[in-house]
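> Starting off with a structure, shown below.
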Amino acid sequence: MPDFWEHQKEAQAQMKKIKDLESWIKGYAEVETAVDELQNGWDFYKEELLEEAELDALYADAMAKIEALELKNMLRREEDKLGVVLKINSGAGGTESQDWASMLMRMYLRYAEKSGYKTSIANLLEGDEAGIKSCTINIEGDYAYGYLKSENGVHRLVRVSPYNAQGKRMTSFASVFVTPLVDDTIEVKVEPALLSWDTFRSGGAGGQNVNKVESGVRLRYQFTDPYTGEKEEILIENTETRDQPKNKENALRQLRSILYDKELKHRMEEQAKVEAGKMKIEWGSQIRSYVFDDRRVKDHRTNYQTSDVNGVMDGDIDGFIKAYLMEFAGNESES
C-alpha cells in the first residue's frame, strides 16, 4: 500500500499489531528451542555425556520461558499492553510513612529498570524531614500496565523505626494507584471548555536549584461521570521538565490516562465475576505486608510470600505479580 504512511495514526496502530504478533512468534520460538535443548540434554544425560546439574539448568531455562509466555497469555485486555501511571501517596504517620513511600518509589523504579522500561517522574512532593509525601511515575514499555496493575492498593510496612527514639516497632501505610498510560491509539475525549490551567515555579529547596521561570503546570478538569452524574475536579500537577509546553503536554496525557481508567473501571464494575475477585482500594484493605524484622513479605490476596525482603525492596516483585495474574487475570474477559 503506497499510501500506508499517509494515515499516520492508523499506520502506527497497524505497526503495533505487527510488533505484538512478532513478540508472540519470538516467544514461541524461544520456548520451542529450549524444549528441544532439554530433550537433547536428556538424551546426552542417559548416555552419560551430560552432568545432572547441566540437565537441571536446561530444565529450569525451559520452564522459565514457558511460564513467561503463559504469564503474558494472561494479559489479553486492551489496556494490558499499555504503559502505566503509578502514583504513591504516603499514609498518616508523618516521617515514617513518608520514608516508606520513598522506599516504594525506589522499589518500582528498580523493577522498571530491571524490566527494561523507561521511567520519568511526572511529579514529586518531598516529605517534611525525609521521604516523600507523594509521587507520580510514568512507566513506559510493553505490558507495563498488565504486570503492574497487581500493585494497586495499600502497602503496609512493619519495622523498628529509625525515626523512633524508643526503638519501637511501628506500622506505616502507603497507597499505590495504577492507571494505564494511554497512547495515540487510544481514543479519549477531552472537552477543552472544561479545562483550566495555572503555572508555578518548580525546583529544589533554594539557591541555584530554584527554577526562576514558572515551568510547573497545574491542570484542572471539571469531570462529570456519564454513568452516575457525579461531578469532580481532576487536579494534575506536572514538573517533569523545565519546558512549560512539554509539561502541559505531559499533564494532558495524564488526564487522558485518568479518563480512560475511569471508563475501564465502569466496564469492570459491569463484570460481577471479575469484581468478586478483587479488593476495593481502601485504607482498611492492605494488599501486601512488608514485615522487616520477621524477614517476610506477604500478599494477602494470593498468600504468596517470600523471606527475601531485601530483594523485594530492590525491585524483585515478579513472584507477587505472577501469583496475582495466575489467580485473577484468568477470570478477566474482553470487554
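> With every protein chain present, what is the per residue accessible area of the chain (1.4 Å probe, Å²)?
Value for the chain: 56 Å² per residue.
> Another question, then. If you put +1 on each Lys and Arg Cβ and -1 on each Asp and Glu Cβ, how big is the dipole of segment 62-115 around its Cα centre, in Debye rounded to 20?
200
> Residue 188 label point, 7 Å along Cα→Cβ, cut-off 17 Å on backbone N: hits in segment 85-118?
85-88
> Figure the gain on full extension for residue 292 and residue 169 (residue separation times 0.36 nm, minus the Cα-Cα span) and round it to one decimal in nm.
43.3 nm
> For the pair residue 195 and residue 133, how long in nm is the line joining their label points, each one 7 Å along Cα→Cβ?
Each label point lies 7 Å from its Cα, and together they span 2.7 nm.
> I need the calculated FRET efficiency for the pair residue 67 and residue 227, taking r as the beta carbon distance and R₀ as 35 Å, to the nearest 0.05.
E between residue 67 and residue 227, to the nearest 0.05, is 0.35.
> I've got another one for you. Figure the gain on full extension for residue 35 and residue 326 (residue separation times 0.36 nm, minus the Cα-Cα span) and round it to one decimal in nm.
102.5 nm
> Roughly what % of Cα-Cα distances in the chain sit above 31 Å, to the whole percent?
That tail contains 43 percent of the Cα-Cα pairs.
> Apply 1/(1 + (r/R0)^6) to the Cβ-Cβ distance of residue 25 and residue 60, taking R0 = 22 Å, and write down the FRET efficiency to the nearest 0.05.
Approximately 0.40, to the nearest 0.05.
> Next question. Under a Cβ-Cβ cut-off of 12 Å, what is the net charge of the residues other than residue 240 that fall near it, where Lys and Arg count +1 and Asp and Glu count -1? Intermediate values should be presented prior to the final figure.
Numbers: positive: 242, 246, 248, 253; negative: 237, 243, 249.
Neighbour charge sum, excluding residue 240 itself: +1.
> Separate question: How large is the helix-only mean residue ellipticity at 222 nm for the chain, computed as the sum of -39500 (n - 2.57) over DSSP H runs with n ≥ 4, divided by its residue count, in deg cm²/dmol to the nearest 500?
-13500 deg cm²/dmol
> Next question, about the same structure. In whole percent, and with a 1.4 Å probe on the protein chains, what portion of the accessible area of the chain is carbon and sulfur?
Working: 9290 of 18630 Å².
Percent of accessible area from carbon and sulfur atoms in the chain: 50.
> By the scheme Lys and Arg +1, Asp and Glu -1, what is the net charge of all other residues having a beta-carbon under 10 Å from that of residue 196?
Once positives and negatives cancel, what remains is 0.
> Counting only pairs 8 or more places apart or on different chains, how many lysine pairs in segment 1-121 have C-alpha atoms closer than 16 Å?
14
The values are calculated or read from the model by the stated rules, or taken from the named source; none is laboratory data. Note that the coordinates shown come from a computational prediction; the quantities given were computed from them, not determined experimentally. Positions of Cβ are backbone-derived with ideal geometry, glycine not excepted, and every protein chain shown enters the neighbour counts. Calculation scope for accessible area: heavy atoms of the full protein, side chains included, ligands and nucleic acids excluded. Shrake-Rupley method; radii C 1.70, N 1.55, O 1.52, S 1.80 Å.
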